[in-house]
Amino acid sequence: MGKLALTGSKPVRNVPVESVEWPYHDEAEEEALVRVARSGRWQQGPEVAEFEDLFAGYQQAKYGICANNGTVTMEIALRSFGVGAGDEVVIPPLTFCATGLCVLMVGAVPVFADVEEHNGNLSPAAFEAAITERTKAVIPVHVGGIPADMDGIMKVAQKHGIKVLEDAAHAHGSEWKGRRVGAIGDMGSFSFQTDKCMVSGDGGILLTNDDRLAELCRSLRTFGYAYPEPLMCSNWRLSEFQAAVLKVQFTRLDSQIAHRTENLCHFLSRIKGIEGIEYKVDSRVTRQNGYGAGFRYDAEKFKGLPRSRFLEALKAEGVGMMGTGYSPLYRTPLYQEKAFGPSWVVERLGRPVDYSNVHCPVAERLANEERLSIWRGCLMRTKDDMDALADAIIKIQENVDELL
């Protein structure tokens, strides 16, 4: 019998890890819902307006525009930029499907640019290399709440006259050089879906410091109302119930960020001397919110043990990590099979797009071989849980020969 759980020994943790209650709620949310119910005003109104101002101020933005989810907010932003049929929008491949869907929904073409090795976020150099005469916008994604290189991205975008929409769905409270993300580019989009840092079931908000864009986005959200020119759009309002819940959720945001950050720092202190598990964050990131943390797994330091086998061994020890959490988006059936529907405007314009030849080598290497991640649910637990994870990693490295 070996020393690892996979080879018959006792695991580091032999009791199930209790799941963290999420979304966290108590009587405060219940009271907020009752208040709105009794008010008789359930459609978008003062609760939404108050939350928009509250969250925009927190993220250091002038305006906030709520909508019913964080995918629609990005679509609204692209429409406000004038992005439409046949235009191109540069996006990173390691992201949720919504980052590409919002581009497709306005009839534009998602163009994938590779990521940086240390964080999986959009590479400014790859972004610039992907620019053509049709490029109208770029969507950097702050994956796991770790800001992308906004200095590099903004420099390239301004050089080429390209609009910047920050996908900050994970990044409530995160900062780049002391500035809250979502208010650095032309617009920023946040999500309040049930797995996010703040939750209203579904919901989203756009942030901007631009007066004209704010006015246009408010109208695009709601049938084109109050805009001086005709708009063809839809209705994506947030309800008063959701805004009331978000106002309560907001009161806990900083304390939850502090808890996750403390746990992450404790975990990092425990694995500091472990070769093969590298954690690197750009020094210009002045606050991360602990939504996620990405590590680089070096198989050579584990005598060639594949990442998949390492993750299997962790699970057997009663703890766990993940890979990237994402596969390259262009590898999914939507893009490989061009399942955009027969009316996709780009094809009708005579510009066939083939994603079968797209290759972002850094993103593919991270996704398939090197990236390890821990997410909000793990970081919301206790220091004992962080210790158990660190102990399991140390145990695997010390006894890695048993797995070879």
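When the Cα positions of Gly304, His170, Gly182 are compared along the charge dipole of the chain, Gly182 comes out farthest toward the positive end, with charges on each C-beta of Lys, Arg, Asp and Glu. Against the chain, whose longest principal axis is taken from its Cα atoms, helix 307-316 shows a tilt of about 70°. Let me cross-check Thr251: its accessible surface, 1.4 Å probe, with only protein heavy atoms counted, in Å² to the nearest 10? Its heavy atoms expose roughly 110 Å² to the probe. Counting only protein heavy atoms and using a 1.4 Å probe, the accessible area of Asp114 comes to about 20 Å². The string of couplings for region 91-107 from the Karplus curve (6.51, -1.76, 1.60, θ = phi - 60°) is 9, x, x, 8, 7, 6, 4, 4, 4, x, 4, 4, 5, 4, 5, 9, x Hz, one whole number per residue in order, with x for Gly and Pro. Accessible area of region 68-198 with a 1.4 Å probe: how many percent of it is carbon plus sulfur? Carbon-and-sulfur percentage of accessible area, whole number: 49.
Averaged per residue, what accessible surface does the chain expose to a 1.4 Å probe, in Å²? Spell out each step's value before the answer.
Working: 17160 Å² over 404 residues.
Ligands and nucleic acids excluded, the figure is 42 Å² per residue.
Calculate, for Ser255 and Arg35, the FRET efficiency according to 1/(1 + (r/R0)^6) with r their C-beta to C-beta distance and R0 22 Å; round to the nearest 0.05.
Working: r = 23 Å, r/R0 = 1.05.
Approximately 0.45, to the nearest 0.05.
For Lys303, a cut-off of 18 angstrom between C-alpha atoms picks up these aspartates and glutamates, skipping any fewer than 8 places away in its own chain: Glu275, Glu278, Glu312, Glu369, Glu370, Glu398, Asp401, Glu402. Once ligands and nucleic acids are excluded and a 1.4 Å probe is used, how much of Lys136 is accessible, expressed in Å² to the nearest 10? For Lys136, solvent-accessible area is about 90 Å².
Please report the antiparallel percentage of the DSSP beta bridges confined to region 1-153, to the nearest 5.
On the way: 1 of 8 bridges.
Of the beta bridges lying entirely in region 1-153, close to 10 percent run antiparallel.
Compared with the rule-of-thumb size 2.2 N^0.38 Å for a compact globular protein, region 77-136 has a Cα radius of gyration ratio of 1.10. Taken as Cα centroids, region 217-295 and region 332-355 sit 31 Å apart, rounded to the nearest whole angstrom. Summed over qualifying helices (DSSP H, 4 residues or more, each -39500 (n - 2.57)) and divided by its residue number, the chain shows a 222 nm mean residue ellipticity of -11000 deg cm²/dmol. Relative to the dominant Cα principal axis of the chain, helix 27-39 is inclined by about 20°. Measuring against 29 Å, Cα to Cα, the residue pairs Lys62/Lys338; Lys177/Lys395; Lys10/Lys272; Lys3/Lys301; Lys62/Lys383 contain Lys62/Lys338; Lys177/Lys395; Lys62/Lys383 as the ones spanning a longer distance.
The values are calculated or read from the model by the stated rules, or taken from the named source; none is laboratory data. All values reported here derive from a predicted model rather than from experimental measurement. We place every Cβ from the backbone using ideal geometry, glycine too, and count neighbours over all the protein chains shown. In case anyone asks, the SASA skips ligands and DNA or RNA and just uses the protein heavy atoms, side chains included. Shrake-Rupley method; radii C 1.70, N 1.55, O 1.52, S 1.80 Å.
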